[in-house]
1. Take residue 148 and tell me if it is within 19 Å of residue 71 (Cβ to Cβ), assigned to a strand (DSSP E or B) and open to solvent by less than 30 Å² (accessible area, probe 1.4 Å).
2. Among residues belonging to segment 115-142 that are among the polar types (S, T, N, Q) and open to solvent by less than 30 Å² (accessible area, probe 1.4 Å), point out the one that is nearest to residue 41 (Cα to Cα).
3. In segment 61-105, which residues are within 10 Å of the chain's Cα centre (by Cα) and β-branched (Val, Ile, Thr)?
4. For segment 1-40, give me each residue that is within 20 Å of residue 97 (Cα to Cα), open to solvent by 40 Å² or more (accessible area, probe 1.4 Å) and not in a strand (DSSP E or B).
5. If residue 43 passes every condition in (1) more than 19 Å from residue 8 (Cβ to Cβ); (2) open to solvent by less than 10 Å² (accessible area, probe 1.4 Å); (3) of a type outside the set (Lys, Arg) but one, which one does it miss?
6. Among the listed residues 64, 69, 86, which satisfies the condition of being over 21 Å from residue 169 (Cβ atoms) and open to solvent by less than 60 Å² (accessible area, probe 1.4 Å)?
7. What pairs come out if I take residues in segment 34-61 that are free of Cβ contacts under 8 Å to residues at least 24 places away in the same chain and on the phi > 0 side of the Ramachandran plot and pair them with residues that are open to solvent by less than 40 Å² (accessible area, probe 1.4 Å) and part of a helix (DSSP H, G or I) whose C-beta lies under 8 Å away, six or more apart or interchain?
8. Of everything in segment 4-60, what is acidic (Asp, Glu), in contact with a Leu (Cβ under 8 Å, 6 or more places away or on another chain) and under 14 Å from residue 79 (Cα atoms)? Give them in sequence order.
Amino acid sequence: MSTLDGKKIAFLATDGFEDSELTSPWQAVTDAGATVVLVAPEAGEITGKNGHSQKVDRVSADADAADYDALVLPGGVVNADNLRLDADAVRFAKDFFAQHKPVGAICHAAWILTEADVLSGRTLTSFPSLRTDLVNAGATWVDEEVVVDEGLVSSRTPDDLPAFNAKVVEEISEGTHSGQTA
């Protein structure tokens, strides 16, 4: 039996995502036995900044965190900036915290968490240019390869993907975390 057998993981992204930050964690959780669903603001297909295309399984307006065991947020400046402007995507991400479910955010993905207002008192990392935004949202920002805070997994860049993927799988396998709150 694989670590994540029976788990259903949502990935939330839109055009302009950092390709490897979608494909590498996707592979890691599917290799561990999870079922994965791509959620995006619009139906059809999304394309990464380096050309990877991925079919959208569900639009954010119709997505419900109760249907998933965890959420993964790939980075990419354009992706993250557009997602934080989509009220349904923000609501969807925030609901994972309200339900105490694991969330992984890499690179610029933490921007959506500032909009979801779930970072007060939390410790995380991100691409360095987000530091001020995250601190202003109430978080403690650290410059580390991967940070785990009560089910919230964060990393800085594609270079951190091996550590990020391992911790995402570990946190999802552990299930809900009482300290993961909205």
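1. Details: within 19 Å of residue 71 (Cβ to Cβ): yes; assigned to a strand (DSSP E or B): yes; open to solvent by less than 30 Å² (accessible area, probe 1.4 Å): no.
Taking the combined requirement at face value, the residue does not satisfy it.
2. 126
3. 72, 103
4. Of everything in segment 1-40, just one residue is within 20 Å of residue 97 (Cα to Cα), open to solvent by 40 Å² or more (accessible area, probe 1.4 Å) and not in a strand (DSSP E or B), namely 7.
5. Of (1) more than 19 Å from residue 8 (Cβ to Cβ); (2) open to solvent by less than 10 Å² (accessible area, probe 1.4 Å); (3) of a type outside the set (Lys, Arg), only one is false for residue 43: (2).
6. 86
7. Partner pairs satisfying both residue conditions: none exist.
8. Narrowing segment 4-60 to residues acidic (Asp, Glu): 5, 15, 18-19, 21, 31, 42, 45, 57.
Filter again for in contact with a Leu (Cβ under 8 Å, 6 or more places away or on another chain), leaving 21, 57.
Matches in segment 4-60: 21 only.
The values are calculated or read from the model by the stated rules, or taken from the named source; none is laboratory data. It should be emphasised that the depicted structure is a prediction, and the values quoted were computed from it without experimental measurement. No Cβ is skipped: glycine too gets one built from the backbone with ideal geometry, and neighbour counts run over all protein chains shown. These area figures cover heavy atoms from the full protein model, side chains too; ligands, DNA and RNA do not enter into them. Shrake-Rupley method; radii C 1.70, N 1.55, O 1.52, S 1.80 Å.
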